[in-house]
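Remarks on the structure that follows.
What follows draws every value from the coordinates through simple rules; no lab data is involved. From a predicted model like this one, the values you see are computed outputs, not experimental measurements. Cβ sites come from the backbone with ideal geometry, for glycine too, and all protein chains shown count toward neighbours.
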Ligand code: CIZ
């Protein structure tokens with residue numbers, strides 16, 4: 001392990017690279033990163049860094065977002081197979097059909113989408129700002145893609161009509177209300193913090209619903225000493241580093257995303273050595289996708 005860490009440090013210097021890791025990455029990958037965060041924070045870091053090369057330890061749509069916001073940088077995705085089934089649940093052809101069915105609707109796309117779907121959308125959103133983004137729009141009808149659970153969460157806070165795309169995150173979908181109730185019975189003092197990609201009955205029963213960044217902040221600031229966590233297990237590492245005196249329990253053993261676990265230290269070293277796999281969004285798509293992200297950032 002030490003040898004591979006040393007190799008990465010040397011390659012980082014040679015390539016003028018930074019390593020950005022998503023909150024769901026393996027502990028060792030988070031530990032070697034220059035910055036950890038959610039996908040939007042990672043892309044913003046990629047855009048602001050002076051480094052020439054960005055290793056995006058995450059999944060493909062995150063590397064694409066970094067390429068959209070930082071087109072002058074080389075974006076490397078350590079494992080080219082690291083995809084996101086939720087992002088793969090929608091494509092441009094399908095979205096165009098839905099747009100034709102609801103011509104008066106604004107299209108709001110979650111960050112977990114391919115770049116060409118972002119390019120076809122009016123505005124992007126993340127799990128932290130989805131409600132604010134939808135409420136900022138003048139349209140009464142919103143075509144919300146691709147996560148139906150996030151769509152249903154947003155619908156609780158607006159009078160606009162939310163038309164969901166029928167996609168979902170298989171990892172968050174595994175958490176059931178039964179598991180939540182059992183976990184609560186076992187840890188009655190614990191606060192339940194879940195991601196909005198969880199099922200509606202799970203988010204409705206939770207004490208707090210938010211993005212990974214929001215969950216980390218909530219746990220840090222809460223007076224509670226114990227928490228039941230309903231999002232991918234990689235977040236436990238950050239939660240414990242941040243609040244070592246508190247206790248965190250995963251709501252379900254199913255909260256492991258196999259795609260997020262594809263990145264390893266060895267693959268990071270290899271991509272820096274070979275300068276690939278590179279993710280580069282074609283310029284025509286990038287400019288339109290940038291528009292959707294920029295409109296979100298303006299809110
Ligand atoms: O936007 C992200 O990074 C995702 C997929 C989850 C989150 O809440 O951070």
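Between residue 158 and residue 47, the distance separating the two model label sites (each 7 Å from Cα on the Cα→Cβ line) works out to 2.1 nm.
Using the Cα gyration tensor of segment 255-299, with a ≥ b ≥ c the square roots of its eigenvalues, what is the shape: rounded (a/c below 1.5), prolate (a/b larger than b/c) or oblate (neither)? In terms of gyration-tensor shape, oblate. Length gained on full extension, residue 284 to residue 247: 8.6 nm, using 0.36 nm per residue less the C-alpha separation.
Specify whether the C-alpha gyration tensor of the chain places it in the rounded, prolate or oblate class, a ≥ b ≥ c being the square roots of the eigenvalues: rounded for a/c under 1.5, otherwise prolate if a/b is larger than b/c and oblate if not. Mind showing how you got there, number by number?
Details: a/c = 1.95, a/b = 1.08, b/c = 1.82.
In terms of gyration-tensor shape, oblate.
Sort 252-261, 157-166 by packing, meaning the average of other beta carbons within 10 Å per residue, with the highest value first.
Listed from highest to lowest mean packing, they are 252-261, 157-166.
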